[in-house]
Amino acid sequence: MTLTNKSEDHPQFIFIGGAGRSGTSLMYWLFDWHPEIMVFLGETPVLQKYWINPESKREEYFRNTFLTPKEGKQARFVNRDALVEFNQKMSKEVKGFNNPTDLDIDTRLFHNTYLELLNRYNIQLLRRIFEGLGKGLIAGCSKLSERYATKETKYFLFKHPYYTELYAQKIASLIPKSKFIHVVRSPADRYISAKMFRVRQGSSKVNGVDFCFAHTETWISSRILAEKNLEALGDGSYKIVHYEKLVANPEKEMRKLAEWLGIKFTNLLLNPTVFGSNAGDNSSFDERSSRKIANYSKRNKDFRRFTSLSERLQFYYLLGTTKDYLDEYEIPNISQWMIKYSRWLPFKFEKKGDYFDRIKRKTLDPSNITKKKLRNMLINRLPSRARKKNIDFS
């Protein structure tokens, strides 16, 4: 693909965010293969690396270090062995992804195109990085080249859970006309989804703290960041999408998003795909849309099944500190004395070592912190940490 330097050669960008396990993957699978949107395959650490690195070192980092294996999944597009391994994995996990040429990417062409974009010093660096990744993938993959290289691709889409919320206002100032989609899911549903994922990984702790505190503060801070971004950027640039509404009435929600983005609505927006291959079996979309959304009592039953009483009490107590932001959800009132006497009971699936660490830890003990201080901690602690170091949000 030949790159020109005309202003119309520059696509606009869509950034999908939200707390992990909220439906961000479903959202970007639904946009996959739309003729006006090129979806970059997989998540990259562009946003956290861009702002963690000092400004004087950013250019060098993204030129020489960013595409090395230890820096993230984007490295597979310049490493043939990693690409073959990824292709094999996708063939097993994604329905219809059986063609070994689906990810037949010319790694050298991808790399050269990416570097060529970085050399355009008359363009802001963050735009160069995202544009280089998107155009590099189109240039290196014949399947994408056939679909996008000769057409007017309006958007490049990237998925960055949490970091999109964290940096949305900065991104908007550096890359004007960017669009942001925040996917929010019921806190209890999201909590169970995240917990089952974490249990399969063999751990009940996240970033050194107990799972309940870690994932509740992730949901709270992400949700509040989204509200602040919506207020600052406006509805024309920032959209909050409720996962429950999306799976209950996908056509209605996707039509609204298509109109908001200024793209043509097609049935492609109703079928989750990965690189054009059917991803239905890998998404909760098919299951949820076939039976619509589970009723409230059923969701409560699932929540009770996968949590202990002490865990539920702490979860709702933490949510209750920011209840003024969560008026669309039913949050039971839990008193601090209930937390104090129940915290000695283990959480469901909690490992013995993790249990004793939680009991010994006083700094994040909800029964030992005033509600005002706890509220401030839940809103500000994680964003502050995420701006300084890489955080595990899984």
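Details
- Matching residues in segment 13-25 - criterion: being buried (at least 24 other Cβ atoms within 10 Å of the Cβ) and under 15 Å from His242 (Cα atoms): Ile16, Gly17, Gly18, Ala19, Arg21, Ser22, Gly23, Thr24
- Every listed requirement among (1) over 30 Å from Arg223 (Cα atoms); (2) touching an Asp or Glu at 6+ places or on another chain (Cβ under 7 Å); (3) surrounded by fewer than 23 Cβ atoms within 10 Å (Cβ to Cβ) is met by Ala149 save one, (2).
- Options Phe197, Phe211, Phe180; residue that is buried (at least 23 other Cβ atoms within 10 Å of the Cβ), at pLDDT below 95 and not basic (Lys, Arg): Phe211
- Of the residues making up segment 336-356, those that are assigned to a helix (DSSP H, G or I), out of contact with any strand residue (DSSP E or B) (no Cβ under 8 Å at 6 or more places or on another chain) and not aromatic (Phe, Trp, Tyr) are Gln336, Met338, Ile339, Lys340, Ser342, Lys352, Gly353.
- Within segment 249-258, the presence of at least one residue that is under 19 Å from the mean Cα position of the chain (by Cα) and closer than 19 Å to Lys177 by Cβ is confirmed.
- In segment 88-108, residue nearest to Glu60 (Cα to Cα) [restricted to those that are modelled with pLDDT of 70 or more and surrounded by fewer than 16 Cβ atoms within 10 Å (Cβ to Cβ)]: Arg108
- Looking across segment 272-313, just one residue is at pLDDT 90 or above and under 23 Å from the mean Cα position of the chain (by Cα), and that is Pro272.
- Residues satisfying the stated conditions in segment 154-179, i.e. of a type in the set (S, T, N, Q) and touching a helix residue (DSSP H, G or I) at 6+ places or on another chain (Cβ under 8 Å): Thr164, Gln169, Ser178
- Considering Lys352, Lys371, the condition of being within 16 Å of Thr216 (Cα to Cα) and surrounded by fewer than 15 Cβ atoms within 10 Å (Cβ to Cβ) is satisfied by Lys371 alone.
- Looking only at residues in segment 301-317 that are among the hydrophobic types (A, V, I, L, M, F, W, C) and in contact (Cβ under 8 Å) with a residue 60 or more places away in the chain, the one that is nearest to Ile359 (Cα to Cα) is Phe315.
The values are calculated or read from the model by the stated rules, or taken from the named source; none is laboratory data. Nothing here was measured: the structure is a model prediction, and the numbers come from that model. Positions of Cβ are generated from backbone atoms using ideal geometry, with glycine treated the same way; all protein chains shown enter the neighbour counts.
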